[in-house]
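The following block contains the structure, expressed as structure tokens.
The values are calculated or read from the model by the stated rules, or taken from the named source; none is laboratory data. Here the structure is a predicted model, which is why all the values come from computation and not from measurement. Positions of Cβ are backbone-derived with ideal geometry, glycine not excepted, and every protein chain shown enters the neighbour counts. For accessibility, only protein heavy atoms count, side chains too; no ligands or nucleic acids. Shrake-Rupley method; radii C 1.70, N 1.55, O 1.52, S 1.80 Å.
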Amino acid sequence: MPGVAARLGVGHSTLYRYVDNREALVRLAFELVAERTVWPSAGPAWRALLTGFADALWGACEAFPGLDEAILTTPGTPRVMVDLLTGYGGALVGAGLTPRDAAVAVDFVADLVFSSSVAMRGLDRRLPDAAGGSSTARERYRRAWARESAGRHPFEAEFTAEETWHGRGRFDDKLDIFLDGLATRIAPDRAASPGPSTEENA
């Protein structure tokens, strides 16, 4: 709270005229992020909808560093997100999912985005080594896999691939596996439909 007050150029006690505590302040920040993020519209193409939702969440995590961890540790969902996800749920049910599967789908995608974003960001942290220097967690992981996978099964070599340790890592592969599985729970005559457009949430 003192840090935020300093950034705003006001006294520490001034913040408490508007929020009760740090948690309330963080929830207000969530609302601001939700309002500033471009979300996919709730169209009938369930797979494009969930992929667009994942992309929008990932973009928000990149635009607002620390959002991922804050969401995982601060209870509460902004009203704008409740309304948005209710619309998504209706579209997913209309596409052939049960209400429970629709709820699990949006929850799973959000959890996968936030946990993956935290993990990828954590690869940048520097760790001390025995020689008195330091290296990033990314470098440590890659060196370990390079040593262990040399000349062995191609499965292990996959962990030394450059894309594994940068950007979104294996996030898109994980999302595809989940969506492929989800497709088996949708009635065949409902599974194919055109993709949704995107529009800014007002």
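Within segment 112-127, is there a residue that is touching a helix residue (DSSP H, G or I) at 6+ places or on another chain (Cβ under 9 Å), within 26 Å of S41 (Cβ to Cβ) and either β-branched (V, I, T) or at pLDDT below 95 (or both)?
Yes, segment 112-127 has at least one match.
Still on this structure: For L49, indicate whether it is farther than 24 Å from A119 by Cβ and in contact (Cβ under 8 Å) with a residue 40 or more places away in the chain.
Yes.
Would you mention how many residues in segment 162-180 are exposed (fewer than 13 other Cβ atoms within 10 Å of the Cβ) and either touching a strand residue (DSSP E or B) at 6+ places or on another chain (Cβ under 7 Å) or at pLDDT below 95 (or both)?
Residues that pass the stated criteria total 4.
Of all residues in segment 37-62, which are open to solvent by 20 Å² or more (accessible area, probe 1.4 Å) and out of contact with any Pro (no Cβ under 9 Å at 6 or more places or on another chain)?
Listed by number, the residues that qualify are V38, R47, G59, E62.
Another question, then. Counting only residues that are open to solvent by 70 Å² or more (accessible area, probe 1.4 Å) and under 20 Å from E62 (Cβ atoms), how many does segment 101-143 have?
4
Just to check your reading of the model, which residue among A102, A146, A95 is under 27 Å from D55 (Cα atoms) and free of Cβ contacts under 8 Å to residues at least 24 places away in the same chain?
Of the residues listed, the single one that is under 27 Å from D55 (Cα atoms) and free of Cβ contacts under 8 Å to residues at least 24 places away in the same chain is A102.
Identify all residues within segment 83-92 that are touching a residue at least 24 places away in the same chain (Cβ under 8 Å), under 26 Å from E62 (Cα atoms) and of a type in the set (G, A, S); write none if there are none.
G87 - this is the single residue of segment 83-92 that is touching a residue at least 24 places away in the same chain (Cβ under 8 Å), under 26 Å from E62 (Cα atoms) and of a type in the set (G, A, S).
Does A130 satisfy the condition of being part of a helix (DSSP H, G or I) and not β-branched (V, I, T)?
no
Taking helices (runs of 4 or more DSSP H) that do not extend beyond segment 12-67, which have at least 3 residues that are within 15 Å of the chain's Cα centre (by Cα)?
Helices (runs of 4 or more DSSP H) meeting the threshold: 22-36, 46-63.
Same structure, new question: Does L72 satisfy the condition of being crowded, with 17+ Cβ neighbours inside 10 Å, out of contact with any strand residue (DSSP E or B) (no Cβ under 6 Å at 6 or more places or on another chain) and within 30 Å of T160 (Cα to Cα)?
No.
Can you report the number of residues in segment 9-18 which are farther than 13 Å from A29 by Cβ and exposed (fewer than 11 other Cβ atoms within 10 Å of the Cβ)?
Of the residues in segment 9-18, 3 are farther than 13 Å from A29 by Cβ and exposed (fewer than 11 other Cβ atoms within 10 Å of the Cβ).
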